[in-house]
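What follows draws every value from the coordinates through simple rules; no lab data is involved. Because the structure is predicted, anything quoted here is derived from the model rather than measured. Virtual Cβ from ideal backbone geometry, glycine too; neighbours counted across all protein chains shown.
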Amino acid sequence: MHYYTYNRDPIGFIDKAAMEQVFREGYENGLDILERGEGKVADYIPALAKADPKDFAICGMLINGDIIAQGDIDRRFSIQSISKVINLAVALRTYGVDEVFRHVMMEPSGDEFNSIIKLDTKNSLPFNPLINAGAIEVASMLVEKYTFEEMLQFARELCMDPSIELDEEVYRSEFETGNRNRAIAYLLQSKGVLLADPQKTVDLYFKMCSLSVSAKSLAGLGLVLACDGMNPFSRESLIRPGYVRCIKSIMFTCGLYDYSGEFGVDVGIPAKSGVGGGIMCAARVPMGIGLWGPALDEHGNSIASVRALEHISHRLHLHVFDYR
Ligand code: GLN
């Protein structure tokens, strides 16, 4: 089987063995950095603090069902901020682009994911749906419309993984330590922009952050986005291509917190990270790539995963602006 990476340069066509080799090298680059003890696991809740910083897995998923695996791609961890993409997809499907972006902007913030400063001093609307304030605003559009069970079902469909469940322990801790997110919700309410009750809204937000996924489920979500919203196996259309274009654009500009600019230049793949150590990528092969390494860099992104993606993207020419 040959995969066409859209390039006409010598590695435009690449066979599976060559692709596996590139993934293996990327994985080793990531392991090297972990061996040196770089990166720190998130410690704001016990469930994340007890993660092993040496864990690392990468899963590539292709449209013919081929899987490229390095490490334990079935190990479960909490999805955290990557759920913001699922919430956005459901909101777009429900309300369309114009209505969603009447309530949240689509600009990179350049601030940390849970920052409140500009929201308080500069703008009434949150900067984008992939930072906490924006995701909480999006959750306020969904909470009266869908039950959590329905949202969970959407997540399972979009990740092509029927085994996704709520991790109760993570949810309880998110709930207990989530005062900053509550502050964001009340600030949005005080500005008259939150569309539902703050407590109910953050509860949905916390639950969505607490879904347990694997590197493989993230690869599944990445693949659906890479296929413009279609499940390539059932050929069912899950999200309209126009909405997917919008989601991938925002992932490209805002998906890795305040590292999104550098990641965009260096790696150049629409991606979203979470503090659980996951990164979900929609590569144009089309291929979904799910990575998990709980040791994070100073921006809150999985340090080994970013390092591996640099290599994989360069070698396979996955940058969206690579010459063709
Ligand atoms: N649960 C985390 C929070 O809301 C998720 C943030 C993240 O993954 N960046 O703060």
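Please list, in order along the range 128-135, the HN-Hα scalar couplings obtained from phi with the Karplus expression 6.51 cos²θ - 1.76 cosθ + 1.60 (θ = phi - 60°), rounded to whole Hz, x for Gly and Pro.
Coupling constants for the range 128-135: 7, x, 9, 9, 4, 4, x, 5 Hz.
Going by average Cβ neighbours within 10 Å, how do the peptides 150-158, 138-146, 221-229, 34-42 rank, with the highest at the top?
Sorting 150-158, 138-146, 221-229, 34-42 by mean packing, highest first, produces 221-229, 138-146, 150-158, 34-42.
With label points built 7 Å along Cα→Cβ from the Cα atoms of E169 and D72, find their separation and express it in nm.
1.3 nm
Across the range 172-324, how many lysine pairs, 8 or more apart or on two chains, come within less than 26 Å at their alpha-carbon atoms?
Qualifying lysine pairs in the range 172-324: 9.
What FRET efficiency would be calculated for the residue pair K16, H314, taking the C-beta separation as r and a Förster radius of 22 Å, to the nearest 0.05?
0.70
Against the globular-protein guess of 2.2 N^0.38 Å, express the Cα radius of gyration of the range 269-324 as a ratio, rounded to two decimals.
1.11
With each label point set 7 Å from Cα along the Cα-Cβ vector, what nm distance links Q189 and E38?
4.3 nm
With an 8 Å cut-off on Cα pairs and a minimum separation of 6 or more residues, tell me the relative contact order of the range 206-309 in percent.
29 percent
Check V41: other-chain or 5+ apart residues with amide H under 5 Å from its amide H, H built from backbone geometry?
So V41 has HN proximity to L296.
By average Cβ neighbour count within 10 Å, what is the ranking of 232-240, 283-291 from highest down?
Order by mean packing, descending: 283-291, 232-240.
Subtract the Cα-Cα distance of Q199 and N179 from 0.36 nm times their separation in residues, and report this length gain in nm to one decimal.
Residue separation times 0.36 nm, minus the Cα-Cα distance, leaves 6.1 nm.
In whole angstrom, how far apart do the alpha carbon centroids of the range 112-183 and the range 231-305 sit?
First find each Cα centre; the distance between them is then 17 Å.
Could you work out which residue, out of D120, D203, D258, moves most in a Gaussian network model of the chain, that is, has the largest mean-square fluctuation with Cα springs under 10 Å?
Judging by the Gaussian network model, the answer is D120.
Where Lys and Arg each count +1 and Asp and Glu each count -1, what net charge lies around Y27 among other residues with Cβ under 14 Å from its Cβ?
-4
Taking H as built 1.01 Å from N, whose amide H comes closer than 5 Å to the amide H of V193, not counting residues under 5 places away?
Those qualifying (amide H under 5 Å, at least 5 residues apart or on another chain) number zero.
Under the rule a/c < 1.5 gives rounded, and otherwise a/b versus b/c splits prolate from oblate, where does the chain land using the Cα gyration tensor?
The shape class here is prolate.
What is the fewest-to-most order of L195, L309 by other Cβ atoms lying within 10 Å of their Cβ?
L195, L309
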